[in-house]
Amino acid sequence: MQIKDHKAVLVGGASGMARATGVLLAEQGAQIAILDLPSSDGEAAAAELGGTFHACNVMDYEGTEAALNDAVSALGGLHFVCNTAGGGIAKRTLTREGPHPLEEFQQVIDLNLIATFNVSRLAADHMSNNEPNDDGERGVIINTASIAAFEGQIGQVAYSAAKGGIAAMTLTMARDLGSLGIRVVTIAPSLFATGLTAGIPDDRSLSLTKDAAFPKRMGRPEEYARMAIAVFETAMMNGSTVRVDSGQRFAPR
Ligand SMILES: NC(=O)c1ccc[n+]([C@@H]2O[C@H](COP(=O)([O-])OP(=O)(O)OC[C@H]3O[C@@H](n4cnc5c(N)ncnc54)[C@H](O)[C@@H]3O)[C@@H](O)[C@H]2O)c1
């Protein structure tokens, strides 16, 4: 699907990988709306891209639905979604203090898996109203997992379960939405220099990326963005989870 004159919602677009995706999309002539936390940099990011900002917490599922409706009204339609809102905690299944608190496990599932599914199902509903292009396409949904979906490190049990769920539902959702011409792809990054991780000093990031094949460094937000653009543009990209990880396989710690 061509980028120019098409309409994109970036969930988590105030920062990092989704913001970088917004920059590339805007440069190539897309119209942008950003959904992010009220406390985020969303207003400034949207202004920079000539787009609109719609504050919400993705864990407030009804509030997110309202924010997405507002974003789609402001855009006048929806073709692309890139969803990066998410995050994890560091907690083992069992420690001397006792078993992993269930409510903390649940929160990570809610933030990553349930919120991602919520945005996906609602975005698909909006996209289903589009006239298909010559290739029969109506829209593209990109969700964000992590290589921890496949080789989670010690203390990532909740995060791995949540990101694994995002990876696992990708093909099923693509099959569900295939008859509508809506594609679904998940991007699974290794460690990227965004948000909190952007502050990690070079010597520490070297040790965190020592298991990478090449290059042995953190990813850059624009490298995620370039992959996202390729997915949006390439009709044959569907139903897969794409690792963007310089060949890294996480060791247990
Ligand atoms: N940075 C990494 O090393 C890395 C690696 C693998 C996967 N990921 C995944 O990438 C995503 C984070 O993207 P990023 O690295 O660009 O980080 P980032 O912190 O730069 O951006 C994330 C954005 O999501 C927003 N957000 C967070 N929680 C939200 C909520 N509840 N409601 C609405 N918005 C919310 C934040 O305000 C922020 O603007 C997460 O899903 C994370 O699990 C990150």
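The numbers here are math on the coordinates, done by the rules we state, and not lab data. This is a predicted model, so every value here is computed, not measured. Reconstructed Cβ throughout: ideal geometry from the backbone, glycine too, with neighbour counts over all protein chains shown.
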Please report 134, 5 as a ranked list, fewest other C-beta atoms within 10 angstrom at the top and most at the bottom.
134, 5
Amide H contacts under 5 Å for residue 243, placed H, 5+ residues apart
188
For q = 0.14, 0.18 Å⁻¹, what log10 I(q)/I(0) does the stretch 138-239 give under the Debye formula with an equal point scatterer on each alpha carbon and no solvent?
-0.62, -0.94
Under unit Cβ charges (Lys, Arg +1; Asp, Glu -1), what dipole magnitude, rounded to 20 debye, does the stretch 7-244 have relative to its Cα centre?
840 debye
In nanometres, what is the gap between the two model label sites at residue 61 and residue 213, each 7 Å from Cα along Cα-to-Cβ?
4.0 nm
Stretched fully, the stretch from residue 172 through residue 204 gains (0.36 nm per residue minus C-alpha distance, one decimal, in nm) 7.7 nm
Round to a whole angstrom and tell me the spacing of the C-alpha centers of the stretch 206-253 and the stretch 70-104.
19 Å
Length-normalised contact order of the stretch 7-244, Cα under 8 Å, at least 6 apart, in percent, tallies to 20 percent
With a bin width of 5 angstrom, please list the P(r) values of the stretch 1-128 as percents of all Cα-Cα pairs, from the 0 bin to the one holding the largest distance.
2, 11, 21, 22, 16, 10, 6, 5, 3, 2, 1, 0
Loop only by DSSP, 12 or fewer other Cβ within 10 Å of the Cβ. Give me the GluC sites (Glu not before Pro) in the stretch 92-151 that pass, ordered by residue number.
97
How far is it, in nm, from the label point at residue 109 to the one at residue 39 when both lie 7 Å from their Cα along the line to the Cβ?
2.6 nm
Per residue and in Å³, how big is the convex hull formed by the alpha-carbon atoms of the chain?
123 Å³
If one takes the longest principal axis of the Cα atoms in the chain, at what angle in degrees, from 0 to 90 and to the nearest 10, does the Cα axis of helix 115-127 lie?
10 degrees
Give me, ordered by chain and number, the residues 5 or more places off residue 140 or on other chains with an amide H under 5 Å from its own placed amide H.
80, 81, 183
Need the list of aspartates and glutamates near residue 91 for cross-linking: C-alpha distance under 17 angstrom, and skip anything on the same chain fewer than eight residues off.
103, 104, 110, 151
Helix-only CD estimate at 222 nm, as mean residue ellipticity for the chain, using -39500 (n - 2.57) per DSSP H run (n ≥ 4):
-12000 deg cm²/dmol
Just for the stretch 7-244, what percent of DSSP beta bridges are antiparallel, to the closest 5?
5 percent
